[in-house]
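The values are calculated or read from the model by the stated rules, or taken from the named source; none is laboratory data. Note that this is a predicted model, so its numbers are computed, not measured. Using ideal geometry, Cβ is built from the backbone for each residue, glycine included, and neighbour counts are taken over all protein chains shown.
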Amino acid sequence: MKIEALEKVAERWTAQGLLWAVTNGLEDYPVSVGRDLDIVVEKGRLREAVQIVVDVLTPDGWIVLPNCQGWIWWVLAFKEKADGTIESLQVDLFEHLQWAFTWVVEGVGTDGALVRRGPFWEDLGGAVAKKFLLNGLSSGIKAFERKPGYLDMSEAELATLPAVLKRVSGSERPEILNAIKKRDLTSLEVHLTDLRKACYQYALKNSGRFRRLISAFQKQWVVNIAPQQGAPVIEVWGTDPKQVQIFLAILKSEVSKLVFHRIEVIGDGEDRGSPRKLLRLSCLQVVLIFSNRLLPRPIKSDLTIKLEEGEKVSFLSRDVAQHSEPFESWREGIRKALLAIFQRRSKRLLQAHKY
C-alpha cells in the first residue's frame, strides 16, 4: 500500500514536468522503502510538488497532513488498513538542506547525474550529502557510532563524495574518503573538525552569502527559537497508581506499533485525587524533535483515557464521542481516536495552506 502510493506520487511529479530526486529512502526498493523519503525539488516548484502529494493521496483514502517547517515541507499521510492497523508514510520535500551556513544539498543533481529506479529518480550526490555530510557536520563521529550504516556507500556514491566536498569546502579532501573506506573513526573525527572550519569560511566568502544567512536564521527559528508544537498529547488517569503504570507500558508498546516512534512523559500529578500522566507522542520525524518541548500551561490534551472500575476504559476527545470499552478491546478505541485526531489536523492544515 505504502510503496504503491509513493510510486503514484513519483509518476505524477514526472508527468507534471518537475525536476526532482530522492536523496534518502530507496536503499531497499522495490522490496521496501524507508520510514520516509527525502525529496529535493527544483527551485520555485516546492509548493507544486506538495500539492501533487495531496492530490494523489487524498482520493485514495489517505489522511494527508502537509506541514511546513520553515524551509522544508514534511508531509505525513495515514490510512486504515483492512486488518484494522494504520499504514503511514512520510515525504520530506526541500530545495536545499543545510548545516550552519553551508547548503549540504543544493539543488537537483548538483553533484552528479541522476539514476532511475522504477518511477523514482535518485540523486546519488544528494544521498551522500544527506547521509554522510549532514550527519558528520552536525554530530561528528557520534552519528556514525550510533548508526554505522551512514558510512555504507556504494562505489557510485563514493565516487560522488569528492565533488560534494569540493562544493562545500573548496577541496576534494581525499583524506576523508580514505578514512571512510577504512572505517577509521579516529582519523575521520580529526578531518571532520577541519572540514567544519573550511565549510564556514567557504560559505561566508562565496556568492549567495545573504541567502544562506537568512536560511540559517530560519532554521534556528523553527527548531530552537519558536518550534511548532505538533505532537498529540494523551492524558491517562485512574484510581490505582499501579494500574496506571501497567497501562502506560502497554500503551507505549501498542501505539508505537501503529505510527509513533517515541512517547515522552511530559507531566504527571493528580486529577480529582487520582493518578494522572500526560504523554507526548512523536509521530514520525515531523514532530520527533518537538515531542519533549515545554508546552503552554495549562496543557490541553487531545485525548483523555480514563481507567475505570470494572475493567473498562473510557475515551474522551473533541474528535470522537465519549465512550467506554472493555479493557481487552481498548486498542480499537485508541486507533479510532488517533485517526480522528489526524483527520482534524489534516483539515486544519489543508485549509491553512489553501489546499
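So which of 183, 116 ends up being of a type in the set (Lys, Arg) and either free of Cβ contacts under 8 Å to residues at least 24 places away in the same chain or within 26 Å of residue 13 (Cβ to Cβ) (or both)? After ruling out the rest, the residue left standing is 116. Within the range 312-355, restricting attention to residues that are touching a residue at least 12 places away in the same chain (Cβ under 8 Å) and in a loop (DSSP other than H, G, I, E, B), the residue that is surrounded by the fewest Cβ atoms within 10 Å (Cβ to Cβ) is 318.
Give me the residue from the range 19-63 that is charged (D, E, K, R) and either within 30 Å of residue 153 (Cβ to Cβ) or part of a loop (DSSP other than H, G, I, E, B) (or both) and, out of that set, modelled with the lowest pLDDT.
Of the range 19-63, the ones charged (D, E, K, R) are 27-28, 35-36, 38, 42-43, 45, 47-48, 55, 60.
When the remaining residues are screened for being either within 30 Å of residue 153 (Cβ to Cβ) or part of a loop (DSSP other than H, G, I, E, B) (or both), the result is 27-28, 35-36, 38, 42-43, 45.
Values: 27: 86, 28: 87, 35: 78, 36: 84, 38: 93, 42: 96, 43: 92, 45: 95.
Going through the qualifying residues, I end up with 35.
Looking across the range 25-55, just one residue is out of contact with any Leu (no Cβ under 6 Å at 6 or more places or on another chain) and on the phi > 0 side of the Ramachandran plot, and that is 44. The lone criterion from (1) more than 27 Å from the chain's Cα centre (by Cα); (2) part of a helix (DSSP H, G or I) left unmet by residue 171 is number (2).
Among the residues of the range 10-30, count how many are exposed (fewer than 15 other Cβ atoms within 10 Å of the Cβ) and within 18 Å of residue 88 (Cβ to Cβ). Adding up the residues that qualify gives 1.
Could you list all residues from the range 117-158 that are farther than 17 Å from residue 24 by Cα and among the hydrophobic types (A, V, I, L, M, F, W, C)? Break it down into steps so the answer makes sense when it comes.
Going residue by residue through the range 117-158, those that are farther than 17 Å from residue 24 by Cα are 137-142, 145-146.
Within the range 117-158, 137, 141 qualify.
Pairing residues of the range 14-32 that are aromatic (Phe, Trp, Tyr) with residues that are assigned to a helix (DSSP H, G or I), at Cβ distances under 6 Å and at least 6 apart in sequence or on separate chains, gives 20/13. Could you list, in sequence order, all residues of the range 79-89 that are assigned to a strand (DSSP E or B) and either buried (at least 22 other Cβ atoms within 10 Å of the Cβ) or charged (D, E, K, R) (or both)? The answer is 79, 80, 87, 89.
May I ask you to verify whether residue 40 is of a type in the set (Val, Ile, Thr) and under 27 Å from residue 138 (Cβ atoms)? When the stated conditions are applied, residue 40 passes them.
Assessment of the range 314-329 against the conditions (polar (S, T, N, Q), modelled with pLDDT under 75 and in contact with a Ser or Thr (Cβ under 8 Å, 6 or more places away or on another chain)) yields at least one matching residue.
Can you name the residue in the range 45-57 that is surrounded by fewer than 17 Cβ atoms within 10 Å (Cβ to Cβ) and more than 20 Å from residue 78 (Cα to Cα) and is also nearest to the chain's Cα centre (by Cα) among such residues? My answer is 47. Evaluated against (1) touching a Ser or Thr at 6+ places or on another chain (Cβ under 9 Å); (2) at pLDDT 65 or above; (3) within 21 Å of residue 79 (Cα to Cα), residue 348 falls short on exactly one condition, (1).
Condition check: free of Cβ contacts under 8 Å to residues at least 24 places away in the same chain and surrounded by 15 or more Cβ atoms within 10 Å (Cβ to Cβ). Does residue 100 satisfy that? So residue 100 fails the test. Checking each residue in the range 119-145 for being over 19 Å from residue 49 (Cα atoms), in contact (Cβ under 8 Å) with a residue 60 or more places away in the chain and either part of a strand (DSSP E or B) or of a type in the set (Gly, Ala, Ser) (or both) picks out 127, 129.
For residue 149, the requirement of being within 18 Å of residue 191 (Cα to Cα) and surrounded by fewer than 18 Cβ atoms within 10 Å (Cβ to Cβ) is not met.
Within the range 32-44, the only residue that satisfies the criterion of being buried (at least 19 other Cβ atoms within 10 Å of the Cβ) and within 14 Å of residue 16 (Cα to Cα) is 41.
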